[in-house]
Amino acid sequence: MSRRAGPAAAGIVAVLALALLLLPNGASGRAGRAGAIDPSLIDRGASLYAANCSQCHGTNGAGKSAPGESGIGDVAGIGPSLRGVGALAADFYLSTGYMPLQHPYDQPRRSRVLFSKHDLRALVAYVASLAPGPAVPSPNPARGSVSAGMSLFAENCAGCHQISGAGGYVPDSVAPRLGPDSPRQIAEAVRIGPNLMPRFSRSLLSDRQLDSVIAYVQYTDAPYDRGGWSLGHVGPVPEGLVAWFVAGVVLVGVTLTVGRRLT
């Protein structure tokens, strides 16, 4: 039995190998990079890319040089190459509305998302198919620690985003408020380092630490106010100053009222 099955099995393997060799190079390469993603989804993403992204990032995500410069690649102020950025960067910039820009020299800022969920998946799938790159992360803030996240956030993020995650201004840019961001988008920003933000690799910030940072950011967006009036969650020092101011006004009012009655 085994001697008869051996030649037959070898013949099947040879036929499959021949079929793979006869596949078009573009199809086999794209399938290898995009995995099990539906090819029609990648084709839809290619059409959307040509209409909305190629003006800055060039054909096939190769990047685009500034006028008067030769060559292609990562040229400041135009469009960097998207080959190798993977689904990670594409999902972040598109799902937050940072991209596409109306003008290549505009400052990227969070804005309205221009694409439907299906078209977003198509664009992300197309960019991911250009070359191997990092995938979309799957953070789990439920396993993180809010107190540990606060320490990490105060050390690495509060300088720009404020300790309450309310955002702020930095030279030539804006550190956005973090409340609207989903856990996935926060994780993507930490791993990418968009704009002036530094990039935190896993050696600098582990996935478990990142879960704690996200847990803290979620807490700041909807904190439990044990003391009542939150005053915008700006911290104990301003709250104390407001309390003293209110107490001073009340004290002056009581003093004037008592003084009028005595006279």
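For region 109-129, a residue qualifies if it is open to solvent by less than 40 Å² (accessible area, probe 1.4 Å), within 16 Å of residue 181 (Cβ to Cβ) and assigned to a loop (DSSP other than H, G, I, E, B), but none of them does.
Within region 45-73, the set of residues being over 15 Å from residue 83 (Cα atoms), hydroxyl-bearing (Ser, Thr, Tyr) and modelled with pLDDT of 85 or more comprises 47 only. Checking 213, 174, 217 one by one, the residue that is at pLDDT 95 or above and out of contact with any His (no Cβ under 8 Å at 6 or more places or on another chain) is 213 and no other. Taken together, 138, 151 contain a single residue that is within 30 Å of residue 60 (Cα to Cα) and open to solvent by 70 Å² or more (accessible area, probe 1.4 Å), which is 138. Under the condition of being over 13 Å from the mean Cα position of the chain (by Cα) and aromatic (Phe, Trp, Tyr), the residues counted in region 155-208 number 1. Can you find a residue in region 90-99 that is crowded, with 18+ Cβ neighbours inside 10 Å, over 13 Å from the mean Cα position of the chain (by Cα), at pLDDT below 95 and in a helix (DSSP H, G or I)? Looking through region 90-99, none of the residues is crowded, with 18+ Cβ neighbours inside 10 Å, over 13 Å from the mean Cα position of the chain (by Cα), at pLDDT below 95 and in a helix (DSSP H, G or I). Close contacts from region 162-177, counting a first residue that is under 10 Å from residue 195 (Cβ atoms) and a second that is assigned to a strand (DSSP E or B) and at pLDDT 80 or above, with Cβ to Cβ under 7 Å and a gap of 6+ residues or different chains, come to 175/168. Of 159, 167, which residue is in contact with a His (Cβ under 7 Å, 6 or more places away or on another chain) and surrounded by fewer than 17 Cβ atoms within 10 Å (Cβ to Cβ)? Exactly one residue qualifies, and that residue is 167. Would you check if there is a residue in region 177-185 being touching a Lys or Arg at 6+ places or on another chain (Cβ under 6 Å) and open to solvent by less than 70 Å² (accessible area, probe 1.4 Å)? Scanning region 177-185, I find no residue that is touching a Lys or Arg at 6+ places or on another chain (Cβ under 6 Å) and open to solvent by less than 70 Å² (accessible area, probe 1.4 Å), so the answer is no. Remark: residue 132 matches the filter, which requires a residue to be assigned to a loop (DSSP other than H, G, I, E, B), open to solvent by 50 Å² or more (accessible area, probe 1.4 Å), of a type outside the set (Phe, Trp, Tyr) and farther than 16 Å from residue 209 by Cβ.
Does region 164-213 hold any residues that are in contact with an Asp or Glu (Cβ under 9 Å, 6 or more places away or on another chain) and part of a helix (DSSP H, G or I), and which are they? Correct list: 183, 184, 185, 187, 188, 189. Scanning region 42-65 for residues that are in contact (Cβ under 8 Å) with a residue 40 or more places away in the chain and open to solvent by less than 70 Å² (accessible area, probe 1.4 Å) turns up 42, 45, 46, 48, 49, 52, 53, 56, 61. Could you tell me whether residue 224 is touching a residue at least 24 places away in the same chain (Cβ under 8 Å) and either more than 25 Å from residue 82 (Cα to Cα) or not in a helix (DSSP H, G or I) (or both)? Judged against the criteria, residue 224 is not a match.
The values are calculated or read from the model by the stated rules, or taken from the named source; none is laboratory data. These numbers come from a predicted model, not from an experiment. Reconstructed Cβ throughout: ideal geometry from the backbone, glycine too, with neighbour counts over all protein chains shown. Calculation scope for accessible area: heavy atoms of the full protein, side chains included, ligands and nucleic acids excluded. Shrake-Rupley method; radii C 1.70, N 1.55, O 1.52, S 1.80 Å.
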